[in-house]
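Q: One structure, as structure tokens, below. Some questions next.
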Amino acid sequence: MNRQIKKILAILIAIVLLPALFFTIFELNSLSNNEKLITSIYESQLDMILFSVNSASEDIIARWGNKVASYHWDKIKNKKNTDENLDALLKQNKSLKYVYVVPLNNKKEYYFRSNDSSYNKTEAGNKILNLIDRNKGKIEKLRGFIESGYQKLEPAHYESDRELTHILFISQYSDEPVLCGLAIDSKKFINEDLSGKIKVAAHSVFIISVFDTEKGNAVYSSDNNQAGEFSTHRQIWLFPQYEIAIKLKGVSIEEIAQKRIYENLALLLGLILLLIIGAVIIIINIRKEMKLAEIKSEFVSNVSHELRTPLALINMFAETLSMGRVKTEEKKQEYYQIISREANRLSNIVNKILNFSQIEAGKRKYNFDIHNVNEILDKICSNYHFHLKNKGFILNCLLSPEELYANCDSEALTEAVINLIDNAVKYSSDIKEISLISELKGDEILITVEDKGIGISAEDQKRIFEKFFRVSSGLVHTTKGTGLGLTIVKHIIDAHKGSIELNSRPGEGSKFILKLKKCSENI
Ligand code: ADP
């Protein structure tokens, strides 16, 4: 890579790719921060929802507890029989299996009430007293709380009867410490008393399920579809054998955030890729332009050289003649011929350049008419025969016997064929034989100019029709030229809506085939 391209590449990297890269890194970083932020907001929102369900269960049970404590108070103070009121509470709430009040100073005098015949006072009473015994520490703490003016609820249960949860608290209405208890069927409570609140909290956006922490099975769910991981799990405060879990319906917020990150990442990578492609295209174009500039300057030096030689010859022979130094008429004739030949060469070069500049400016005009291609080629053969013979060349004119009519500009076509013959002369070495052939193939007229010269490599064949292009190796170095001949040929044939085929191999000669559409004599 040459130095200028390296410099342009460095500038491109500095002003486009590096900022894009920094921007991408910055974006990625802020994307992951955003994701963290969204996830933490989402998690705390889920936490809040689970918290509200937990509070709701505490509210329901506190309300029931209050009734138990106050009814008991009424009973002691007013000596009223308030059993019916408790019966109503037990009847209305099927999950509430029984309630009890145990004076802590005289446990034997406990009060028991149930609406369910499967629980009797003596049997359940033994269990209650046993439970109190096992949870002495907890009850002490509850006493401490009530002394500080705060009534707290504490769950307790038998391992053998995990589903029946005893909610214990110390009554605040009593002068003496009494322990109140509510025996609740946990599953029933969750399914009947808490489910309404869970449904409201889940709305139509979340799925909230309650699991047995030990067995792992769901005892309740706000939705039938529980597939996939739950985002947040929390223990139910008053039913620690169970946990409540929540997740978004459909995709989770993590999945949404992840998807967005991938989309943004793909977008950024696409952008960088586009920038890289853009940079590569710019570099390729700059290289092309630089190559063209190089070729142009080569062209200028080639043309100057081509002009200088005939000018010098004309100058020298004209001066010799004008000084009267040439004595014999024969010599004079020879010098006149040289002057005229070199003047022709000069005008050929100038014509080529003018034609090319007309083509470049899009001003080249063609006069199309129906012509017999064989007649045009025959004229070229007879005009060039002598000239080529003088240079030691054999020119084979092999014209097809058919009359080949084409809609063409005879002058332009002549110019194209002459350019090809000129090249055949210039790029022939030992075998000086050129063939000009015409034939008909289908509805195409083929005009072939064939030489046995130096040939063209496959690599160079792709480029020889480009303007100013000259092969830069071997014999071509020593051969003068402008690099415009084949460009002009191609332009002429394109204007005729024809095509050019080239068959050539280095060292084996070249075959240029011009293909034109045949037409009938009178169109
Ligand atoms: P010029 O002949 O003035 O260099 P052209 O456009 O006519 O320019 O040709 C372009 C290049 O193609 C030539 O420089 C030469 O390398 C190659 N070329 C053209 N014709 C022939 C041929 N008949 N044999 C070998 N090489 C050829």
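Q: Being touching a strand residue (DSSP E or B) at 6+ places or on another chain (Cβ under 6 Å) and in contact (Cβ under 8 Å) with a residue 40 or more places away in the chain is the filter here; which residues of region 484-501 pass it?
A: Within region 484-501, I493, H496 qualify.
Q: So S304 passes all but one of these: (1) more than 16 Å from the ligand (Cβ to nearest atom); (2) in a helix (DSSP H, G or I); (3) small (G, A, S). Which condition number does it fail?
A: (1) is the only condition that S304 fails.
Q: Please go through region 233-274 and pick out each residue that is of a type in the set (G, A, S) and closer than 17 Å to N29 by Cα.
A: A257, A266 - these are the residues of region 233-274 that are of a type in the set (G, A, S) and closer than 17 Å to N29 by Cα.
Q: Can you name the residue in region 471-503 that is polar (S, T, N, Q) and modelled with pLDDT of 90 or more and, of all such residues, is surrounded by the most Cβ atoms within 10 Å (Cβ to Cβ)?
A: Checking each candidate, the answer is T487.
Q: V200 - would you say it is of a type outside the set (G, A, S), within 17 Å of A56 (Cβ to Cβ) and assigned to a helix (DSSP H, G or I)?
A: When the stated conditions are applied, V200 passes them.
Matching residues to (1) at pLDDT 90 or above; (2) under 22 Å from L516 (Cβ atoms); (3) touching a strand residue (DSSP E or B) at 6+ places or on another chain (Cβ under 7 Å):
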| site | (1), (2), (3) |
| --- | --- |
| L307 | no, no, no |
| N315 | yes, no, no |
| A343 | yes, no, no |
| N348 | no, no, no |
| N355 | no, yes, no |
| I359 | no, yes, no |
| N367 | yes, yes, no |
| Y384 | no, yes, yes |
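Q: Condition (residue is in a strand (DSSP E or B) and hydroxyl-bearing (S, T, Y)) applied to region 364-374: is it met by at least one residue?
A: For region 364-374, residues in a strand (DSSP E or B) and hydroxyl-bearing (S, T, Y): absent.
Q: Quick check on this structure: which one of S382, S347 is part of a helix (DSSP H, G or I), closer than 28 Å to E466 by Cβ and more than 55 Å from the chain's Cα centre (by Cα)?
A: S347
Q: Same structure, new question: Taking only region 451-470 into account, find how many residues are among the small types (G, A, S) and surrounded by 18 or more Cβ atoms within 10 Å (Cβ to Cβ).
A: The total comes to 2.
Q: Need the failing condition index for Q45 against (1) modelled with pLDDT of 80 or more; (2) more than 30 Å from I246 (Cα to Cα), just the number.
A: Only one criterion is unmet by Q45, namely (2).
Q: When you scan region 441-463, how many residues do you find that are assigned to a strand (DSSP E or B), charged (D, E, K, R) and away from the ligand (no atom under 12 Å from the Cβ)?
A: Qualifying residue count for the region: 2.
Q: Go through (1) in contact with a Lys or Arg (Cβ under 9 Å, 6 or more places away or on another chain); (2) within 23 Å of Y42 (Cα to Cα); (3) surrounded by 17 or more Cβ atoms within 10 Å (Cβ to Cβ) for G228 and report which single condition fails.
A: Only one criterion is unmet by G228, namely (3).
Q: Looking at region 396-410, is at least one residue within 14 Å of the ligand (Cβ to nearest atom), part of a helix (DSSP H, G or I) and surrounded by 14 or more Cβ atoms within 10 Å (Cβ to Cβ)?
A: no
Q: Please find, among D430, D369, D422, D378, the residue that is within 16 Å of the ligand (Cβ to nearest atom), farther than 19 Å from L486 by Cβ and surrounded by fewer than 17 Cβ atoms within 10 Å (Cβ to Cβ).
A: D430
Q: While we're looking at this one, here's another question. Residues of region 1-38 being surrounded by 15 or more Cβ atoms within 10 Å (Cβ to Cβ) and hydroxyl-bearing (S, T, Y), which ones?
A: The one that is surrounded by 15 or more Cβ atoms within 10 Å (Cβ to Cβ) and hydroxyl-bearing (S, T, Y): T24.
The values are calculated or read from the model by the stated rules, or taken from the named source; none is laboratory data. Treat the numbers as computed from the prediction; the structure is a model and nothing was measured. No Cβ is skipped: glycine too gets one built from the backbone with ideal geometry, and neighbour counts run over all protein chains shown.
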